[in-house]
Every structure is written in structure tokens, then in C-alpha cells.
Amino acid sequence: MKIAVVGTGYVGLVTGTCFAETGNQVTCVDVDERKVQKLINGIIPIYEPGLDVLFNRNTAEGRLKFTTNLAEGIEGAEVIFLALPTPPGEDGSADLKYILKVAGDLGQLLKDYAVIVDKSTVPVGTAEKVRDYISLAAQVDFDVVSNPEFLREGVAIEDFMKPDRVVIGTQSERAKAVMNKLYAPLVRQGNPVIFMDERSAEMTKYAANAFLAVKISFMNEIANLCEKAGANVDDIRRGIGTDSRIGKRFLFAGIGYGGSCFPKDVQALAKTAQEYEYDFQILKSVMSVNAKQKTKLLPVINQHFNGDLKGKTIAIWGLAFKPYTDDIREAPALENIQALLAAGAKVTAYDPEAMDNVKNVLGSKITYAHTSYAALDDADALVIMTEWPMFRTPEFSKMNLLLKNKVIFDGRNLYELEQMKEMGYTYYSIGRETVTQEVEQPA
């Protein structure tokens, strides 16, 4: 099948590459000439484990191509995916200008029947708007389908190639047949393709992400209560996670969620509720809780240093919003770093993938270490912002020699409390007791 994917961001590039891997002829279209030229030259602009292998194989075999010309890109395409950015506006609503601009252009360019697929996360009613924009100039039949993505950064290839489910919003039997054929290689093990109307499909994506954000924020609230009540949030997580009604995932307490999806989607769903004059109280609470949770460690750090961070060197481990990605959008690390700098501290940071992106934002305001241990050299304390696996089992003997003080502020609960006690660390985490060093009293 010949496919076009408009937009070569995270979703578009993964979508195009994975469909090429299943034997389709895919052309990805983007207005960014520099990005397209890099892709043609084999340079992938994002970090996603496993993407490079599929990308290189399918470009080499001629199934995956790139262009800046929309007319050229959609020539002969049976399915045209719109994987375009929908950035939040000042009021929290999703900005559809990129999608609707392309929809208008498609109306003038379509020569044969095609299925136009909204792959971007879009508000309820977007498929109808896209249909209206295309209809203004279209001279041929077409269908507009909602097919939201459920990709997790860091495991997006696996999510795409082995989906839990495929949600498709359409009431057209012709479009259903095309989409069934397209997804057939990916659901051979019986994972469901769920058909519904377009508005329900659009709402499904927002509902899924909002629910996961609710789980995260609920556990962070439990963690905050644990600190006051003397309970351990890790024990509670295990205690409730084994209940099949609740499940084990998204129950880890920490310093809040970030990234390109949860913050934007929760905000957009709240805005949708407002437009329909519905007071979605849970979402308001989730946004409020998460905003506070991101900087939860700042007052703890400040108190530890008796309110004076001037001249202190703080080592940061982790800049991306989660491991296995270089994405720093809404990453808690950025907000914390800005606050530490404002308080007069010096920051030395390390992340295995995200440092170049942070340099584009912060420039030379902080120091970028070439290894995780180099970041610790002569630091007054370590702050952990991202749960990269390499941070879970470090050489503490080496850390002891590098850190000026054996002090860790852990926003991701990487270490066991007993381990920290045995090693003589002052250790602050989330939803658990604080470990303090024993101070010997003079005889």
C-alpha cells in the first residue's frame, strides 16, 4: 500500500518508519527543508531506541522516502496520515492551525479517493473540521478517520509494532476496509482493532492519557501524606498494585509527570470540558498537584542548606522527562535547575541523551558533564531527576570520593533506605522517611 505521512516529528517519523517495515511504500512530508535533508542523508533528529535500525533498513530498500513537496508526497497514496503538532494555546486548547492548513491544501491536491487519518492528538470534533476544510476544494471522494497514537517514548517501536489495541474512528465502511488492511500485519496475535465514531476515538486518546495522569498524581498525593503519617509509599504501591482492579503500572511516586503528551492532553481535555460547560474537577486537581510536585524537592534542598544555596554546587542526574528519550518538554529538571540558579547555586548536569536539547534552552548557564561521575566532582549534593537505569546501581565507592557531602535528593526513589543508611548518606526521597547521618556526640 502507498502511504503518505505529513509531519516528521516524533509520531510521524515512528509511524512512517514502522509502516514501511511492514512492506508499505511510505513518503514522509515536512515543510522543514533542513530536517528533510537530514533525513534523506540518514540523520534521525530524535532519539528513540530501535528506530535507527528500522529507519536504515527501509530507506536503504527504498520503502521510506522524504520530501518537502506535499503534492509529490501524496501522489498515489491510499492513506494520508496527518501527524502534525497541536501545541497548546494560551488558554490550554490545542492549536489546530497546522492540521487545518494541510487539510485545505489536500482538498486542492487529491486526485483519487484517499483516507485522511488524524494521527495527531486532537480535540473532539477535529475530524469534522478537517473534512470541512478538505471539502472546500476537493473534486474526489475521501474519508477522514481518527486513529490516535498510543506510543510511549522510549518503547515506541514496540508499541507500534505490537499494539495493545488500535482505535479507529470512522463510520465509513470503505475507510474501515482500508484501515483493516493496513493494520492487519500488526494485529495478527489477536490484539483488537476497535472501530467507533470519530468523536469517540478523539476522546479515547485524551481519556487514556488523562486517566494515567490521574494515577500518577494520586500516588504522589499518597506519597506526600505518607511523609506526614510515617508510612512508606513503596510498600503501599506494592500493596495496591497487586490488586488486578488497579494494576501495577503508573503507581511510582516521584516529582511529577512531564513530556509532550500528559501535560498538554490533560490541559486540552480540561479546556474541552470548559467549552461544553462541564466542571471537570478531577483534571483541575491533577494539574494543580503535578505543578506543585515538580518542585517538591526545592524546599527540602533549601532547608537542608539552611536557606543559603549561594555558591553551592548541585549535581543533577537526568534532564529528560523520562528515561530512554531525549525529550525535555515539560521535564521537571528544567524548572528545578532554573530555581537553583535563581537561588545562587551552580549546577552541573548529566543525561545520556538530553544534554544537547537542554543546551539549546539553557546555554552556558549550567555545566554539562561528560559522565555521570564527572557531574559529582566537588558537588555539595546530588539531585536525581530522571530514572535512567545507569543511575540505579552506581559505584557508590566512586561517588563517595567525588561528592563533597554524602547527600542525595532523589526525585525518583531509586535507592533502598537501608542501603543509604548503611552507606552513611543523608538521603531524601518521595513518600518515604528521610535518612540522616548519625552525628557522634563529643564525650
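The values are calculated or read from the model by the stated rules, or taken from the named source; none is laboratory data. Keep in mind that this is a model prediction, so the values were computed, not measured. Glycine also receives a Cβ, built like all others from the backbone with ideal geometry; neighbour counts cover every protein chain displayed.
Examine region 29-38 for a residue that is more than 23 Å from residue 187 (Cβ to Cβ), touching a strand residue (DSSP E or B) at 6+ places or on another chain (Cβ under 6 Å) and in the same structural domain as residue 113 (by TED's automatic domain parsing), and state whether such a residue exists. Among the residues of region 29-38, at least one is more than 23 Å from residue 187 (Cβ to Cβ), touching a strand residue (DSSP E or B) at 6+ places or on another chain (Cβ under 6 Å) and in the same structural domain as residue 113 (by TED's automatic domain parsing), which makes the answer yes. Against the list (1) assigned by TED's automatic domain parsing to the domain that holds residue 258; (2) in contact (Cβ under 8 Å) with a residue 24 or more places away in the chain; (3) at negative phi, the condition residue 200 fails is (1). Just one of (1) at pLDDT 95 or above; (2) more than 25 Å from residue 92 (Cα to Cα) trips up residue 154, so point out which. The number of the failed condition is (1). On the basis of being crowded, with 19+ Cβ neighbours inside 10 Å, out of contact with any Cys (no Cβ under 7 Å at 6 or more places or on another chain) and under 22 Å from residue 403 (Cα atoms), does residue 349 make the cut? Judged against the criteria, residue 349 is a match.
Within region 374-399, being assigned to a loop (DSSP other than H, G, I, E, B) and in contact with a helix residue (DSSP H, G or I) (Cβ under 6 Å, 6 or more places away or on another chain) holds for 377, 385. Cβ-Cβ distances below 9 Å connect the following pairs, each with a first residue in region 285-307 that is on the phi < 0 side of the Ramachandran plot, a second residue that is of a type in the set (Asp, Glu) and not in a helix (DSSP H, G or I), and a separation of six or more residues or different chains: 294/330; 297/410; 302/308; 305/380.
Yes/no per residue for (1) closer than 24 Å to residue 369 by Cα; (2) in a loop (DSSP other than H, G, I, E, B); (3) among the small types (Gly, Ala, Ser); (4) under 18 Å from the mean Cα position of the chain (by Cα):
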site	(1), (2), (3), (4)
286	no, no, no, yes
289	no, no, no, no
298	yes, no, no, no
310	yes, yes, no, no
315	yes, no, yes, no
334	yes, no, no, yes
337	yes, no, no, no
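To keep it simple, each residue is scored yes or no on (1) assigned to a loop (DSSP other than H, G, I, E, B); (2) modelled with pLDDT of 95 or more.
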position	(1), (2)
190	yes, no
211	no, yes
216	no, yes
221	no, yes
240	no, yes
256	yes, yes
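Of all residues in region 361-376, those satisfying the criterion of being of a type in the set (S, T, N, Q) and farther than 8 Å from residue 350 by Cβ are 364, 367. As for region 240-253, it holds at least one residue that is of a type outside the set (Asp, Glu) and within 30 Å of residue 380 (Cα to Cα). If you take the residues of region 400-413 that are out of contact with any Phe, Trp or Tyr (no Cβ under 7 Å at 6 or more places or on another chain) and assigned to a helix (DSSP H, G or I), which of them is surrounded by the fewest Cβ atoms within 10 Å (Cβ to Cβ)? Checking each candidate, the answer is 401. Looking across region 93-149 at every residue that is touching a Pro at 6+ places or on another chain (Cβ under 9 Å) and acidic (Asp, Glu), the one that is modelled with the highest pLDDT is identified as 118.
Conditions (1) assigned to a helix (DSSP H, G or I); (2) within 30 Å of residue 258 (Cβ to Cβ); (3) acidic (Asp, Glu); (4) in contact with a Cys (Cβ under 7 Å, 6 or more places away or on another chain), marked per residue:
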site	(1), (2), (3), (4)
108	yes, no, no, no
116	no, no, no, no
128	yes, no, yes, no
132	yes, no, yes, no
143	no, no, yes, no
152	no, yes, no, no
158	yes, yes, yes, no
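Here residue 3 fulfils each of the conditions (1) more than 17 Å from residue 142 (Cβ to Cβ); (2) surrounded by 15 or more Cβ atoms within 10 Å (Cβ to Cβ); (3) not charged (D, E, K, R) apart from (1). Looking only at region 39-97, which residues are over 29 Å from residue 143 (Cβ atoms) and touching a residue at least 60 places away in the same chain (Cβ under 8 Å)? The answer is 46, 47, 48, 49, 50, 51, 91, 92. Tallying residues that are closer than 21 Å to residue 252 by Cβ, among the charged types (D, E, K, R) and out of contact with any helix residue (DSSP H, G or I) (no Cβ under 9 Å at 6 or more places or on another chain) within region 293-334 yields 1.
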